[in-house]
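One structure is given here, and the rest of the page talks about it.
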């Protein structure tokens, strides 16, 4: 097995990429495409049942790479914050039951009707502090996911890897770290320096491409690797050099991809991961303008 | 005159807020609303002529606070980069002719078909280096405007104030500095520390609110102060504490605002600046959910 093959074998599919499949269907798609790792989502796991999900994944010989997602710690009321922590405890328990080593945390935006970023950010740290021991006792690590700053108001007041790392470093290195998603951090002029500092605090690595124009719902603007402008090799090299030796999930939110046949989507994920991460750069040059996107249906 | 009044008197209208007005019309609107400063745009100045614009502004007793904009240094070709520098020289000359102390620089995104952020960022520094002496000799300061990271691919590979400051610091403090727009920097967990470091390198300060949901064209999602979630007082305090004693421009890109009667828009700018920047916080609490936006037509 070459180095390239070894790296390719670490590709995982994040379930959000094939959002409409149930657990059995997504497991089958992964098996057919030779993808050996899978990042799960709580709603789909709840649909199938956590223990049944774990059994199906074990039977298929797959590895669970993460559970998405906990977080959303920010609320204007104490009862709202307590409810968030209770929900995160359930997420930790679910992660343990399905064998997910990592729970990704999308930390929450500004509470409705407020403008105090410092207060919201303190709620995030307080929330993680309330959960850290619980996570350790379940064998689950908490991975703070910095979200692109365009989500600061409504999804995550944690906007940069550096900021996420500063929160994580308030806790033991084995329990709280980072989920780095290329889509959220690619623009950051300090990302490589932060990744170096983060080292073993990098608990997960996710990929989706930045495609223009952004759609009306910017949450759904992500593309297959190669359809946008992110240099994935650069980020991959940075996280590997920092000591990360875990899986790489491809996690794409995109209505056109959700509408496409899932088996083809997973094959595309495998192919584009190979072309834009594993192989040398000459195999993955940016597409010429007007060349079309991978998400579009193939000509029939 | 109280301190509050003094601060209020530093409000300037950026011409983009009333995009469809020509120079004469926007001058009249400012005079009627008691706004004494104006940030100009090159296209409107070209329509009216630079010397005529300068004369009209002088006659009205207004102060020009900035000219928007130069920049767009990034291009895949050397000829494209040379053309950008030539265009910036014209912008510097125009700034001098209309009496603008500052030329705002929107530095440019990734060149089409490329993914190399470092290369694009080097083009920005090279472009500014080519212009710095020219700007000094015209009495014009160059203000690098970090744009929100959601514009990194297509408008500015300079995404944070810290990054802009690191570029500016390669040049004399009197010639290259920062244009800080709250809309672009409000989310940044390091903004207050960066503003402190920037000190006299802050050459301009602009305001527009972050309103959700983002529209399909995210360039146009800005709102009147108070319609979104930015704590303007916090940023205003930070820039004043850093030693900035210049004007504050309100610059809003929003189709609904452009469609509204301009005189009313300028009155709204004056009113919301007073309520959300000048007066203490209790006068400018976030609107209750569903309270509607200032940009919507008043009930008739």
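The values are calculated or read from the model by the stated rules, or taken from the named source; none is laboratory data. All figures in this text were calculated on a predicted structure; none of them were measured in a lab. Note that each Cβ is placed from the backbone with ideal geometry, even for glycine, and that neighbours are counted across all protein chains shown.
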- Item | One residue from B:80, B:113, B:127, B:61 being out of contact with any helix residue (DSSP H, G or I) (no Cβ under 9 Å at 6 or more places or on another chain) and at pLDDT 95 or above | B:80
- Looking at this structure, is residue A:234 more than 17 Å from the chain's Cα centre (by Cα), part of a helix (DSSP H, G or I) and within 14 Å of chain B (Cβ to nearest Cβ)? yes
- Message: Quick check on region B:1-28: of everything there that is part of a helix (DSSP H, G or I), under 19 Å from the mean Cα position of the chain (by Cα) and modelled with pLDDT of 95 or more, which residue is surrounded by the most Cβ atoms within 10 Å (Cβ to Cβ)?
- Response: B:26
- Message: If I filter region B:240-255 for residues that are under 17 Å from the mean Cα position of the chain (by Cα), farther than 18 Å from residue A:150 by Cβ and assigned to a helix (DSSP H, G or I), do I get at least one hit?
- Response: yes
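Rundown of residues vs (1) surrounded by fewer than 16 Cβ atoms within 10 Å (Cβ to Cβ); (2) more than 30 Å from residue A:235 (Cα to Cα); (3) within 14 Å of chain A (Cβ to nearest Cβ), yes/no style:
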{"residue": "B:65", "(1), (2), (3)": "no, yes, no"}
{"residue": "B:74", "(1), (2), (3)": "no, no, yes"}
{"residue": "B:81", "(1), (2), (3)": "no, no, no"}
{"residue": "B:101", "(1), (2), (3)": "no, yes, no"}
{"residue": "B:111", "(1), (2), (3)": "no, no, yes"}
{"residue": "B:114", "(1), (2), (3)": "no, no, yes"}
{"residue": "B:118", "(1), (2), (3)": "yes, no, yes"}
{"residue": "B:122", "(1), (2), (3)": "yes, no, yes"}
{"residue": "B:126", "(1), (2), (3)": "yes, no, no"}
- Taking only region A:178-193 into account, find how many residues are within 14 Å of chain B (Cβ to nearest Cβ) and either buried (at least 24 other Cβ atoms within 10 Å of the Cβ) or in contact with a strand residue (DSSP E or B) (Cβ under 9 Å, 6 or more places away or on another chain) (or both). 9
- Listing of strands (runs of 3 or more DSSP E) fully contained in region B:130-228 that carry 2 or more residues being within 17 Å of the chain's Cα centre (by Cα) and free of Cβ contacts under 8 Å to residues at least 60 places away in the same chain: B:176-181, B:202-207
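Quick grid of which residues meet (1) in a helix (DSSP H, G or I); (2) over 27 Å from residue A:201 (Cα atoms); (3) in contact with a helix residue (DSSP H, G or I) (Cβ under 8 Å, 6 or more places away or on another chain):
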residue	(1), (2), (3)
A:40	no, no, yes
A:45	yes, no, yes
A:55	yes, yes, no
A:65	no, no, no
A:74	no, no, yes
A:91	yes, no, yes
- Residue check, residue A:32 within 28 Å of residue A:174 (Cβ to Cβ) and either assigned to a helix (DSSP H, G or I) or modelled with pLDDT under 95 (or both): no
- Only one of B:243, B:228 is more than 19 Å from residue B:105 (Cα to Cα) and either more than 14 Å from every other protein chain (Cβ to nearest Cβ) or surrounded by fewer than 20 Cβ atoms within 10 Å (Cβ to Cβ) (or both); which? B:243
- Message: Tell me yes or no: at least one residue of region B:87-102 is touching a strand residue (DSSP E or B) at 6+ places or on another chain (Cβ under 7 Å), in contact (Cβ under 8 Å) with a residue 40 or more places away in the chain and under 24 Å from residue B:218 (Cα atoms).
- Response: no
